[in-house]
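Written below as structure tokens is the structure these notes are about.
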Amino acid sequence: MRVALTGLAARQSAIANNIANVETPGYRAQKVKFEDALQSAIANRGSVSGVTHSTLASLEPTRLNGNNVNLDQETLSHIDTTMRYQLAIRMVDGRYNGLREAIKGG
């Protein structure tokens, strides 16, 4: 879950930067990738502790000013990322609640 939360947090930061630079000439939108590497590590029963996210410049076409931020796409990505982050936090919280109950003897 740590790897997923770290990747999702990095994606939220990239989305915020993209939206802040929606009108900046020459700005290239940033995309954060980590799901494929995480899924591969899990499928191969390897350690996920070494999985990191990667931030890449978007290859989407640019507008006349050289900027390629798509505000609609960034907004949808923000909503999706926020929902995934909240789900991951709930999973971590549930695990810790179970540990707390076990420690209390309940």
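Every number here is computed from the coordinates shown, using simple stated rules; none is lab data. Nothing here was measured: the structure is a model prediction, and the numbers come from that model. Every residue, glycine among them, receives a Cβ derived from its backbone with ideal geometry; neighbour counts consider all protein chains shown.
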- Once the dipole of segment 2-106 is set up with Lys and Arg at +1 and Asp and Glu at -1 on Cβ about the Cα centre, which of 16, 98, 49 lies farthest towards its positive end? 98
- Task: For segment 2-106, run through the trypsin sites (Lys or Arg not before Pro) and keep only the ones in DSSP coil with at most 13 other Cβ atoms within 10 Å of their Cβ.
- Result: 45, 63
- Residue-ordered couplings for segment 53-69, obtained by feeding phi - 60° into the Karplus form 6.51 cos²θ - 1.76 cosθ + 1.60 and rounding to whole Hz (Gly and Pro as x), are 8, 10, 10, 10, 6, 5, 9, 4, x, 9, 7, 4, 8, x, 8, 10, 6
- Message: From the phi angles alone, apply the Karplus equation (6.51, -1.76, 1.60; θ = phi - 60°) to segment 20-29 and give each ³J(HN,Hα) in whole Hz, x where the residue is Gly or Pro.
- Response: 5, 10, 4, 10, 6, x, x, 6, 9, 4
- Note on the structure: In whole angstrom, the spacing between the Cα centers of segment 72-96 and segment 1-33 equals 14
- Query: Residue by residue through segment 32-48, which ³J(HN,Hα) values in whole Hz follow from phi under the Karplus form 6.51 cos²θ - 1.76 cosθ + 1.60 (θ = phi - 60°), with glycine and proline marked x?
  - Reply: 10, 10, 7, 4, 5, 5, 5, 4, 5, 5, 5, 5, 8, 6, x, 7, 8
- Query: Could you give the nm distance between label points at residue 19 and residue 86, where each point is 7 Å from its Cα heading toward the beta carbon?
  - Reply: 1.4
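With +1 on the Cβ of every Lys and Arg and -1 on the Cβ of every Asp and Glu, and nothing else charged, how large is the dipole of the chain about its Cα centre, in debye rounded to the nearest 20?
Roughly 440 debye for the chain.
Taking the number of other C-beta atoms within 10 Å as the exposure measure, put 15, 42, 103 in order starting with the fewest.
By the 10 Å Cβ count, ascending: 103, 42, 15.
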- Query: Sequence-distant or interchain residues sharing an amide H contact under 5 Å with residue 62, placed H: which?
  - Reply: none
- Once fully extended, how much extra length lies between residue 41 and residue 55, figured as 0.36 nm per residue of separation less the alpha-carbon to alpha-carbon distance? 3.2 nm
- Item | Rg in Å to one decimal, and Dmax rounded to a whole Å, for the chain via C-alpha atoms | 17.6, 65
